[in-house]
Every structure is written in structure tokens, then in C-alpha cells.
Amino acid sequence: VALQTVAFALLEATSSFVRGYETPRSHAVVFTPSYQSCQEAPLHAGAAVRKVRLTRANGWDIDLTDLEIACRADTKLILINQPWNPAGTLVSREKLEGIVEIARRHNAWILADEIYRFLEHDAATRLPAIADIYERGVSIGALSKPFGAGGASLGWIACRDAEARQAFKDAMYFGTACPARASELQ
């Protein structure tokens, strides 16, 4: 639910649905193959989505040139998944900084599904959370994968921007009914 909530908020889908009209479609960049929700959440939020293909030939890694080409003037969101699901790849710190620089040039948000963070084989390769290194970064994590708490459905959305956090709350309240108290955004 966190991916959909954040995508709806960052792409301003909630406010347009509440007001009864559709805002001009914004643009999002996602990568494929990846976890289905990472590809579909921006689409369901009404964005035009450009899928950038990861291939075996490049080690299932993000090609910064391909990302730059995929971004447009109206790109509002780049959605990444680190470590990558299903390939298990982990971009380098330098590549992550390159992704941030591309997003910054386009004034785009980076939504990072970090559900597998803390499961790296070598903790020395662990990347910082995107919310820690980018002012328009949103990190999503949960207890289920790295801490073996499957079924607990407890997670977090980390973001430095107070207005964005309020938009996440608004999107969650608009899109869910009667969530458990532990599930509410605080």
C-alpha cells in the first residue's frame, strides 16, 4: 500500500480525484523487470509511464544514459527498488548519486522501495536510504523482509519534505478505510 499511497501523493492524483477532474498527466520513469507494484503504482496514479529495460547484458543494472533519455520535462517521479527485486543487483554508491543528479536536474522525486535493505550480503555495500541523501527522496521500508516479521505489515515512509508527508497522509486517508492504528501515517 505504501508504494501506491506515495505514488498517488507525489503525482497529485488524490487531489484531482477529490476535486472531480483529472490533472494533466505527469510522467514517471520505472524500471523493468521489477516488482510489479514498482511498475504499476505510477500508472494507477494516472501518470504516463516510461519503462526502462534492465538487461542481463548490463548485469541488471541501471544505465544512467538510458535513465536520462527516459526523463522528460514533465517527469515528476523516478521509482527504484534497491536491492533490486527480482535480480538482486545493488547499484554502486556512485550510480545512486548519478540517479540523484538526474532527478535533481528534472526536479523529480525519487521513490525508493527499500524493502530488501539490510539484507545485503556484505553490510559494507549497503547504500544510504534515498531520503537521507536526496531532498526529494522518499524511502519505503518494512519489518517483513529484513527482520523476518512476515505478516506484521508494519513499515515506514521516510521523507524530509513536510508537505509531501502531509500529501501521503491525505492519500492514505482517501484510499483506505479503517486502517489499523499501527498502519496510520504519523
Self-check item: Mean Cβ count within 10 Å, highest first, over the residues of peptides 63-70, 146-153
Solution: 63-70, 146-153
Exercise. Write out the chymotrypsin sites (Phe, Trp or Tyr not before Pro) in the range 91-120 meeting two conditions: DSSP loop, and at most 15 other Cβ atoms within 10 Å of their Cβ.
Key: 118
Quiz item: Rounded, prolate or oblate: which fits the range 28-171 when a ≥ b ≥ c are the square roots of the eigenvalues of the alpha-carbon gyration tensor, with rounded for a/c under 1.5 and prolate only if a/b beats b/c?
Solution: rounded
Exercise. With a cut-off of 17 Å, note down the residues of the range 84-101 whose backbone N falls inside the zone around a label point 7 Å from the Cα of residue 60 toward its beta carbon.
Key: 84-92
Quiz item: What figure in square angstrom, to the nearest 10, would you give for the accessible area of residue 94 with a 1.4 Å probe?
Solution: 130 Å²
Practice problem: Quick one: which residues, 5 or more positions from residue 85 or on another chain, have an amide H under 5 Å from its amide H? H modelled 1.01 Å from N in the peptide plane, none for Pro or chain starts. | Solution: 35
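The values are calculated or read from the model by the stated rules, or taken from the named source; none is laboratory data. Because the structure is predicted, anything quoted here is derived from the model rather than measured. A quick note on method: Cβ atoms are made from the backbone with ideal geometry, for glycine too, and the neighbour counts reach across all protein chains shown. Please note that ligands, DNA and RNA were not included when accessible areas were found on the heavy atoms of the full protein model with its side chains. Shrake-Rupley method; radii C 1.70, N 1.55, O 1.52, S 1.80 Å.
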